[in-house]
Amino acid sequence: MPPMLDSMIVPLLVTTDLPPETDLAGFGRLVADAVRLVRHGETSYAGCLHGGVFWLDRPRMPPGGGGLSVPTADELRFAALIGYLSISGPRRAPREVVSDAREAITRVVAVSYGELGSPAAVMAIRAEDVRERTPPTALRVRTAGADAGLVAVARSYV
């Protein structure tokens, strides 16, 4: 069993527009891995994000019906990840943790997908929202290579 950590849990919602051909699971892994090591000024601390990733939009119907259409290359899709971010290290206010995570996530999304209009939105939500708003079809993601203690802490909430 991993040693107990001085940790904090922050429920998060991440939303962004993505190109229509984006692999949703790959996007989820990218976001989860972005917070493995979070920076705050000159210091950094370990993080682990457990959550579910899903599309928020529905595929569009072509004019005249006839089944689902694939969005054109210039139409973006709206994706979300809802989950729990566990962090260890010096105590921080939840808003600072969210700000640090926002910086890491928006940077990696911009590098991976380019400037798609607006940066990814990263915000704290209520723990109840994670349970109530994550659809059963969401793909589960977790920070790869995260500290075992943080994995255990985050898993206890999922």
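Here each label is just a point 7 Å from Cα along the line to Cβ, and for residue 43 and residue 110 those points are 2.5 nm apart.
The packing ranking of peptides 50-57, 145-152, highest mean first, is 50-57, 145-152, where packing means the average number of other beta carbon atoms within 10 angstrom of each residue. The dipole here belongs to region 92-158: it is taken about the Cα centre, uses +1 on the Cβ of Lys and Arg and -1 on the Cβ of Asp and Glu, and is about 180 debye. Per residue, region 1-50 exposes 47 Å² of accessible surface when a 1.4 Å probe is rolled over the protein heavy atoms with every protein chain present.
The values are calculated or read from the model by the stated rules, or taken from the named source; none is laboratory data. If you're wondering where the values come from, they're calculated on a predicted model, not measured in any experiment. Cβ: placed from backbone, ideal geometry, glycine included. Neighbour counts: every protein chain shown. Side chains are part of the model used for accessible areas, which takes the heavy atoms of the whole protein and leaves out ligands, DNA and RNA. Shrake-Rupley method; radii C 1.70, N 1.55, O 1.52, S 1.80 Å.
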